[in-house]
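A.B. asks: For reference, the structure I am asking about is given below.
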């Protein structure tokens, strides 16, 4: 079990706390006028498409309650799989993943069956703002289900794994893969029980895996060991994540990326206030890396050079695990 670390050890380890993140990085480097583009997934998708950044296919949107009545005969007619999500949702809330049909019923990623009424009710709750930031009225997005890369198939259960990359001033500083589990209901959300796997910036290889505040060595459902995990298309993943800084005008952000079987890395969504548990999954603090990333950004404006320097600077060949606990952040 991870030990409790003193404030002095936290400082030496370079752990970034929430207050320091909010004041020194989010507040200082992210202009509030640019938040809307990342807080609204529809605007994120539109901006990405305008720059040629691949994103999951959008089947359509629902903006008014009266549209829900006919959605089954229009937007999802004849579709066996789809995802319904709030445009302004956060933390994985309000996402309904349908992977197939059984007669008149829909099959969720967990294998549970739901009927048409439940699909309509879920969509209605999204529009009412049940899952949106600040409880504001929202829109429901209906997207294609990601056909994720088979290389990652056993690292996630009942859901699609995604890769979170923290980017500071266009420099990728830390990454992790979030692996869905049965307890997380197929969602890649650490607070709901997903596994976070720290990923080496230099190589795309796994470093350490954590679930429910504890280090784990294998997936709880598939039993596959995490120590052999290697993310495909790693350079493309970093390039995609880094490009989101100029797209949004945000100097501190988290880019969530999925690996599609056919299209490769695709942008799923962005976060102007990325969480800090990524430090636990990597067993290293963000503070020192952010300072090094600032020096890299001062050296060059070239995105490829920034990524190359980051891969050299932040590569972790060996890591002593077992030191960090989510309790510290």
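The values are calculated or read from the model by the stated rules, or taken from the named source; none is laboratory data. Please read these numbers as outputs of a predicted model, since none were measured by experiment. No Cβ is skipped: glycine too gets one built from the backbone with ideal geometry, and neighbour counts run over all protein chains shown.
A.B. asks: Quick test for you: out of 254, 249, pick the one residue that is buried (at least 17 other Cβ atoms within 10 Å of the Cβ), within 21 Å of residue 26 (Cα to Cα) and either out of contact with any helix residue (DSSP H, G or I) (no Cβ under 6 Å at 6 or more places or on another chain) or in contact (Cβ under 8 Å) with a residue 60 or more places away in the chain (or both). Before you say what the answer is, go through the steps one by one.
C.D. replies: Details: 249 fails: buried (at least 17 other Cβ atoms within 10 Å of the Cβ).
Of the residues listed, the single one that is buried (at least 17 other Cβ atoms within 10 Å of the Cβ), within 21 Å of residue 26 (Cα to Cα) and either out of contact with any helix residue (DSSP H, G or I) (no Cβ under 6 Å at 6 or more places or on another chain) or in contact (Cβ under 8 Å) with a residue 60 or more places away in the chain (or both) is 254.
A.B. asks: If you don't mind, there's one more thing I want to ask. What number of residues in the range 68-92 are outside any loop (DSSP other than H, G, I, E, B) and touching a strand residue (DSSP E or B) at 6+ places or on another chain (Cβ under 9 Å)? Steps first, answer last, please.
C.D. replies: Keep residues of the range 68-92 that are outside any loop (DSSP other than H, G, I, E, B), which gives 68-73, 82-86, 89.
The next check asks that each one be touching a strand residue (DSSP E or B) at 6+ places or on another chain (Cβ under 9 Å); those that pass are 68, 71, 82-86, 89.
The number of residues fulfilling the criteria is 8.
A.B. asks: Go through the range 170-216 residue by residue and tally those that are surrounded by fewer than 21 Cβ atoms within 10 Å (Cβ to Cβ) and at positive phi.
C.D. replies: Matching residues across the range 170-216 total 5.
A.B. asks: Something else about it: Could you pull out the residue among 286, 290, 259, 270 that is touching a residue at least 12 places away in the same chain (Cβ under 8 Å), within 18 Å of residue 206 (Cβ to Cβ) and crowded, with 22+ Cβ neighbours inside 10 Å? Walk me through it before giving the result.
C.D. replies: Numbers: 286 fails: within 18 Å of residue 206 (Cβ to Cβ); 290 fails: within 18 Å of residue 206 (Cβ to Cβ); 270 fails: within 18 Å of residue 206 (Cβ to Cβ).
Answer to the check: 259.
A.B. asks: If I go through the range 298-318 residue by residue, how many of them are surrounded by 14 or more Cβ atoms within 10 Å (Cβ to Cβ) and either under 24 Å from the mean Cα position of the chain (by Cα) or modelled with pLDDT under 95 (or both)?
C.D. replies: Adding up the residues that qualify gives 10.
A.B. asks: Working carefully through the options 151, 165, find the one that is in contact (Cβ under 8 Å) with a residue 40 or more places away in the chain, over 30 Å from residue 74 (Cα atoms) and surrounded by fewer than 20 Cβ atoms within 10 Å (Cβ to Cβ). Let's see the steps before the verdict.
C.D. replies: On the way: 165 fails: surrounded by fewer than 20 Cβ atoms within 10 Å (Cβ to Cβ).
Result of the check over 151, 165: 151.
A.B. asks: Could you tell me which numbered condition residue 230 fails, if it satisfies all but one of (1) closer than 28 Å to residue 45 by Cα; (2) modelled with pLDDT under 90?
C.D. replies: Of everything listed in (1) closer than 28 Å to residue 45 by Cα; (2) modelled with pLDDT under 90, residue 230 misses just condition (2).
A.B. asks: Does the range 191-247 hold any residues that are under 18 Å from the mean Cα position of the chain (by Cα), over 18 Å from residue 257 (Cβ atoms) and part of a strand (DSSP E or B), and which are they?
C.D. replies: 208, 209, 210, 211
A.B. asks: Related question: Could we say that residue 228 is surrounded by fewer than 15 Cβ atoms within 10 Å (Cβ to Cβ) and touching a residue at least 40 places away in the same chain (Cβ under 8 Å) here? Can you show your working first?
C.D. replies: Details: surrounded by fewer than 15 Cβ atoms within 10 Å (Cβ to Cβ): yes; touching a residue at least 40 places away in the same chain (Cβ under 8 Å): no.
No, not satisfied.
A.B. asks: Scan the range 43-53 for residues that are touching a helix residue (DSSP H, G or I) at 6+ places or on another chain (Cβ under 8 Å) and assigned to a loop (DSSP other than H, G, I, E, B) and jot them down.
C.D. replies: Looking only at the range 43-53, we keep the residues that are touching a helix residue (DSSP H, G or I) at 6+ places or on another chain (Cβ under 8 Å), and these are 43-44, 47-48, 51, 53.
Within the range 43-53, 51, 53 qualify.
A.B. asks: Please verify whether residue 126 is closer than 22 Å to residue 56 by Cα, at pLDDT 90 or above, crowded, with 20+ Cβ neighbours inside 10 Å and not assigned by TED's automatic domain parsing to the domain that holds residue 87, treating the condition exactly as stated. If you could, list the steps in order and put the result at the bottom.
C.D. replies: Values: closer than 22 Å to residue 56 by Cα: yes; at pLDDT 90 or above: yes; crowded, with 20+ Cβ neighbours inside 10 Å: yes; not assigned by TED's automatic domain parsing to the domain that holds residue 87: no.
No: the conditions fail for residue 126.
A.B. asks: Examine the range 163-174 for a residue that is assigned by TED's automatic domain parsing to the domain that holds residue 241, at pLDDT below 95 and in contact with a strand residue (DSSP E or B) (Cβ under 9 Å, 6 or more places away or on another chain), and state whether such a residue exists. Don't jump to the end; show me each part of the working.
C.D. replies: Step one: of the range 163-174, the residues assigned by TED's automatic domain parsing to the domain that holds residue 241 are 163-174.
Those left that are additionally at pLDDT below 95: none.
Scanning the range 163-174 turns up no residue that is assigned by TED's automatic domain parsing to the domain that holds residue 241, at pLDDT below 95 and in contact with a strand residue (DSSP E or B) (Cβ under 9 Å, 6 or more places away or on another chain).
A.B. asks: If you scan the range 78-109, which residues turn out to be out of contact with any helix residue (DSSP H, G or I) (no Cβ under 9 Å at 6 or more places or on another chain) and farther than 23 Å from residue 269 by Cβ?
C.D. replies: Within the range 78-109, 78, 80, 100, 101, 102, 103, 107 qualify.
A.B. asks: What's the total number of residues in the range 161-190 that are in a loop (DSSP other than H, G, I, E, B) and touching a helix residue (DSSP H, G or I) at 6+ places or on another chain (Cβ under 7 Å)?
C.D. replies: So the first thing to find is which residues in the range 161-190 are in a loop (DSSP other than H, G, I, E, B), and the list is 161, 169-170, 180-189.
Filter once more, so that each one left must be touching a helix residue (DSSP H, G or I) at 6+ places or on another chain (Cβ under 7 Å): 161, 169-170, 184-185.
Within the range 161-190, residues that are in a loop (DSSP other than H, G, I, E, B) and touching a helix residue (DSSP H, G or I) at 6+ places or on another chain (Cβ under 7 Å) number 5.
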